[in-house]
Amino acid sequence: MKLESQRIDLIPLTAPELSLAIDNYSELQQQLGLAAISAALDDEMQYAMQIRLKKVQQDPDHYLWLTNWAIVHREDQCIIGFIILKGYPNEKGEVIIGYGIDEKYRRKGYATEALRTITAWIFSHSQAVYVIADTEKDNTASHKVLERLGSERYKETEDLIWWRISNPRAL
């Protein structure tokens, strides 16, 4: 499966692909037929991959809702970031996501494009009412991405702002 938008593709990583990303990120990129622009994942993404791998192994039938989706720059044929889905819709219809874009590709609209694409896919499932994301309070670039997608701030802690995108068809 692959989701496509104007400049990027979103590819959900399977359990073997998550495992390969953890062990040999360059090899994963090559296996996907992509240029290896980064030899290793940073510590935060390495940890996220390990958590997602455990979740996918526990519930392989729903892996699309539990995995990291690679954001692939179509022209450059490389992974420029990831969207992390943290589960299928809960009892409130919420789907929690995280995301990150490689520094070289920031401030060019790729995060907005990727989130718009994954949000459309999430909202194509009738049980999905909200997409939830959190940002650090000082991450103004991420705030702008979420605002462009029509998100509303709905909760704050000392360090984080929680954002909610509503499914217009579910309200």
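The values are calculated or read from the model by the stated rules, or taken from the named source; none is laboratory data. Keep in mind that this is a model prediction, so the values were computed, not measured. When we count neighbours, we look across all protein chains shown, and the Cβ atoms used for this are built from the backbone with ideal geometry, even at glycine. All accessible areas refer to the heavy atoms of the entire protein, side chains included, with ligands and DNA or RNA removed. Shrake-Rupley method; radii C 1.70, N 1.55, O 1.52, S 1.80 Å.
Which condition number does ILE79 fail, the rest of (1) closer than 23 Å to TYR130 by Cα; (2) modelled with pLDDT of 95 or more being met?
(1)
Just name the residue that is farthest from GLN46 (Cα to Cα) out of those in segment 95-123 that are in a strand (DSSP E or B) and in contact with a helix residue (DSSP H, G or I) (Cβ under 8 Å, 6 or more places away or on another chain). Don't jump to the end; show me each part of the working.
Going through segment 95-123, the residues in a strand (DSSP E or B) turn out to be 95-101.
Filter once more, keeping what is in contact with a helix residue (DSSP H, G or I) (Cβ under 8 Å, 6 or more places away or on another chain): 95, 97-101.
On the way: VAL95: 22, ILE97: 17, GLY98: 14, TYR99: 13, GLY100: 13, ILE101: 14 Å.
Going through the qualifying residues, I end up with VAL95.
Name the residues in segment 88-109 that are within 12 Å of the chain's Cα centre (by Cα) and open to solvent by 10 Å² or more (accessible area, probe 1.4 Å), would you?
The answer is ILE96, GLY98, TYR99, GLY100, ILE101.
Residues of segment 32-59 being modelled with pLDDT of 95 or more and open to solvent by 70 Å² or more (accessible area, probe 1.4 Å), which ones?
Within segment 32-59, GLN50, LYS54, LYS55, GLN57, GLN58 qualify.
Residue by residue through segment 147-171, note down the ones that are among the aliphatic types (A, V, I, L, M), open to solvent by less than 50 Å² (accessible area, probe 1.4 Å) and more than 12 Å from THR135 (Cα to Cα).
LEU149, ILE165, ALA170
Looking only at segment 131-141, decide whether some residue is in contact with a Phe, Trp or Tyr (Cβ under 8 Å, 6 or more places away or on another chain), open to solvent by less than 10 Å² (accessible area, probe 1.4 Å) and within 27 Å of SER38 (Cα to Cα).
yes
Specify the residue that is farthest from the chain's Cα centre (by Cα); the eligible residues are those in segment 124-141 that are more than 12 Å from ILE97 (Cβ to Cβ) and not in a loop (DSSP other than H, G, I, E, B).
It comes out as THR140.
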